[in-house]
Structure formats: C-alpha cells, structure tokens
Amino acid sequence: MTDRLQVEQLVRELHAARVDGNLERLCGLYSEEARLRIAGTTDGKPIAIAASGIAEIRPWLSILVKTFKLTQYMILSLTVDVPRAAAHWRVDIHSKITGVVVPTELIDLIDVRGGRIASHTEFFVPVTDDPARVSGRGAPLS
C-alpha cells in the first residue's frame, strides 16, 4: 500500500527529474502501462500530448528534456489524497532551440499504483505577471 508520504515523495522526485532533465530517472517513475496527457497553450496556440504505456511516454519525455530547460522551480501547493496527488507549480521554461524563456504555471494530476505513476495529466499556461516570485510564496525544490 502506498501512503501519503510515498505519493508526496514521488511527485517531488518527478519534479526534480524534470528540472534536472534526467530522462532515465523520469521514465523510471512511470509504470509500464502508465498514461500521460499534457495540455496547455503557448503563444495562443494549443498543445496536447497523449501517450499510453512507457514505450509511448518515453519519446515524449525525451523531446521535453531535449527541448526545454526548467529553472526557478517553485511548488505552490501539493495535495495528496492517496493514491492521488495534485501539484501546482511554477518554473521558467527555457527553449534550447529558440532561447526564449517563458515563466509557466503547471498543474499535475497524478494517480499512483504500486509506488509508480499510473496516470499523469499536466496542464500548463504561461504566466503574464508573477506575484509569487515578488511575494516569496511557494517553496523551492529541496
């Protein structure tokens, strides 16, 4: 049985691996039959990704790691209701292709089975103003 602390740690490991750009660590957090969905908008254009199973998820995670560098990570809230978690976080997303930096807020909805991610839905949106960084709200990755 997965407990609250294990689910919270899994979410923090997921975020740390994303910030570090560590593809192997990222993939190791997902179950073989996991589902990944990512939806959001950038420059007013919608983006959506859907993948089932680690064989489909791995190439998408690889593209994310190769294309974007994440900095200024801040978790704004983390709610755990075993076996689910919801995380609201913020990062600066740097395009390794264009050099553009976009402050972004994200929401992760995660289901955990057997200590690994079984389902991960992520929503993201660029931030136009950034009151959390001004006020110091949130907690840095540690």
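The values are calculated or read from the model by the stated rules, or taken from the named source; none is laboratory data. On a predicted model such as this, the values are computed, not experimentally measured, just so you know. Cβ atoms come from the backbone with ideal geometry, glycine included; neighbour counts cover every protein chain shown.
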Seminar exercise, completed: Flagged in the range 83-99 as out of contact with any strand residue (DSSP E or B) (no Cβ under 8 Å at 6 or more places or on another chain) and among the aliphatic types (A, V, I, L, M), in numbering order, are Ile97
Exercise. Looking only at the range 68-92, which residues are under 17 Å from Pro103 (Cβ atoms) and among the β-branched types (Val, Ile, Thr)?
Worked result: Thr71, Ile75, Val91
Seminar exercise, completed: Residue set Glu32, Glu56; condition free of Cβ contacts under 8 Å to residues at least 24 places away in the same chain, in a strand (DSSP E or B), closer than 23 Å to Gly115 by Cβ and of a type in the set (D, E, K, R); output residue Glu32
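A quick yes/no check of all residues on (1) within 19 Å of Phe124 (Cβ to Cβ); (2) among the aliphatic types (A, V, I, L, M); (3) within 11 Å of the chain's Cα centre (by Cα):
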| residue | (1), (2), (3) |
| --- | --- |
| Leu26 | yes, yes, yes |
| Thr41 | yes, no, no |
| Ala48 | yes, yes, no |
| Leu70 | yes, yes, yes |
Problem set entry | Candidates Thr42, Thr67 - the one that is over 18 Å from Asp108 (Cα atoms) and either touching a residue at least 24 places away in the same chain (Cβ under 8 Å) or in contact with a Pro (Cβ under 7 Å, 6 or more places away or on another chain) (or both) | Thr67
Exercise. When only residues in the range 75-90 that are in a strand (DSSP E or B) and of a type outside the set (A, V, I, L, M) count, which is surrounded by the most Cβ atoms within 10 Å (Cβ to Cβ)?
Worked result: Trp89
Seminar exercise, completed: In the range 103-134, anything modelled with pLDDT of 95 or more, farther than 24 Å from Arg4 by Cα and either aliphatic (A, V, I, L, M) or in contact with a helix residue (DSSP H, G or I) (Cβ under 6 Å, 6 or more places away or on another chain) (or both) is listed as Val125
Exercise. So which residues in the range 59-74 are assigned to a strand (DSSP E or B) and at negative phi?
Worked result: Phe68, Lys69, Leu70, Thr71, Tyr73, Met74
For this session: Given the conditions (1) assigned to a helix (DSSP H, G or I); (2) at pLDDT 95 or above; (3) among the β-branched types (Val, Ile, Thr), report the number of the one that Ile93 does not fulfil.
Result: (1)
